[in-house]
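Colleague: Following this message is one structure expressed as structure tokens.
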Amino acid sequence: MSQIITTPFELGTEKRIPEVMATVNGIEVKLAVDIGAGEVIISRPLAESLNLEYTGDRREVSGVGTAPVTMDFGRVNLNLAGKEFVDLNVGVMDMALLGEVQGVIGFELLKDFRIVLDYRNQVFSLEESEEDAENDPLMEPLEFMLRHLTKLPATVNGEKMSFILDSGASYNCISKSTMDRLGWEYQSPDDPTKQAEGFGGKVQTWGFLLDKITVWDTEVDTSDHPTLVINLPANFEDGILGFPILKDKKLIIDYPARRIALKTL
């Protein structure tokens, strides 16, 4: 295996998303590593400071929240731990909800590599895909939804479900439609204004007491983080698994070989 880059990351104090330092057209920036994002994205203020020229490409994207978000696109040079990505196509959007983070490293950059997010040691690596990695018995098959979203099978209270694994999610979330279909009870919010926020805006949240989730054959203790019940788009399966699943794990995704592992450290 050939390691291309390795760099430390910090976890945001509120969002608990891996954040790495990089340069965009020579300007030092903080970027979130978000396997749930389809594109590489920079903030509008950063694009303005770069005097970014737009290509005319414009797309609508959607996620958690009710409103689709429009992204314009331009091209930049991105340097990550000494590795130069030249003439990289990036989307531009409002990123105020991520605080000091000025961009996101998403699927379009990650898809050519084997990536490692080591949460215990807070290290992010990009590596070349291993030869014959698709037959690695220590890794599971990698399935996608909507081109780039990583599917993860899990069992909750004896029910087999399909989740999206997302390093950009601060909480585990279960779809309200799944809860209603199964007849499971969840707590009404003490504060009716309590909401979760994604790039598509804010959504109402409810509480659900959940101690453990079984991923493949491994039980994961999630009792120290609340599980949220939220309205999700139908194509988001049964929910989203984020930081509470990843917090003490090493996540390995070999995109070219379509293999994934979640190792306890």
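All of the numbers you see were taken from the coordinates with simple rules; none came from a lab. A quick note: this is a predicted structure, and the numbers were derived from the prediction, not measured. Cβ: placed from backbone, ideal geometry, glycine included. Neighbour counts: every protein chain shown.
Colleague: Take segment 139-247, drop everything but the C-alpha atoms, weight them equally and run the Debye formula without solvent; then report log10 I(q)/I(0) at 0.09, 0.22, 0.23 Å⁻¹ to two decimals.
Modeller: Each listed q corresponds, in turn, to -0.21, -1.38, -1.52.
Colleague: A further question on this structure: What is the ratio of the Cα radius of gyration of the chain to 2.2 N^0.38 Å, where N is its residue count, to two decimals?
Modeller: Compactness ratio reported: 1.00.
Colleague: On to the next question. Starting from 0.36 nm per residue, how many nanometres of slack lie between Gln204 and Ala234 once their C-alpha separation is accounted for?
Modeller: Contour length minus the Cα-Cα distance gives 9.2 nm.
Colleague: List every residue whose amide H lies under 5 Å from the amide H of Val220, counting only residues 5 or more places away in sequence or on a different chain, with H placed 1.01 Å from N in the peptide plane.
Modeller: Answer set, sorted by chain and number: Ile213, Thr214, Val215.
Colleague: Another question, then. May I ask for log10 I(q)/I(0) of segment 1-145 at q = 0.17, 0.18, 0.20 Å⁻¹, from a Debye sum over the Cα atoms as equal point scatterers with solvent left out?
Modeller: -1.02, -1.13, -1.34
Colleague: What ranking, highest mean first, results for peptides 156-164, 37-45 when packing means the other Cβ atoms within 10 Å averaged over each residue?
Modeller: Taking the mean over residues of other Cβ atoms within 10 Å, the ranking is 37-45, 156-164.
Colleague: Once you put a point 7 Å from the Cα of Asp224 and another 7 Å from the Cα of Asn135, both along the Cβ direction, what distance in nm separates them?
Modeller: 4.1
Colleague: A further question follows. So, counting K/R as plus one and D/E as minus one, what does the shell of residues with Cβ under 13 Å around Asn77 add up to?
Modeller: 0
Colleague: Cα to Cα, under 17 Å, and not fewer than 8 places away if on the same chain: which aspartates and glutamates meet these conditions relative to Lys30?
Modeller: Cα-Cα hits under 17 Å: Glu10, Glu14, Glu19, Glu39, Glu48, Glu84, Asp94, Glu100.
Colleague: Also, I was wondering about something else. How far apart, in nanometres, would the label points at Arg258 and Glu128 be if each is projected 7 angstrom from Cα along the Cα-to-Cβ direction?
Modeller: With each label placed 7 Å out from Cα toward Cβ, I get 2.3 nm.
Colleague: Could you give the nm distance between label points at Asn25 and Thr214, where each point is 7 Å from its Cα heading toward the beta carbon?
Modeller: 5.2
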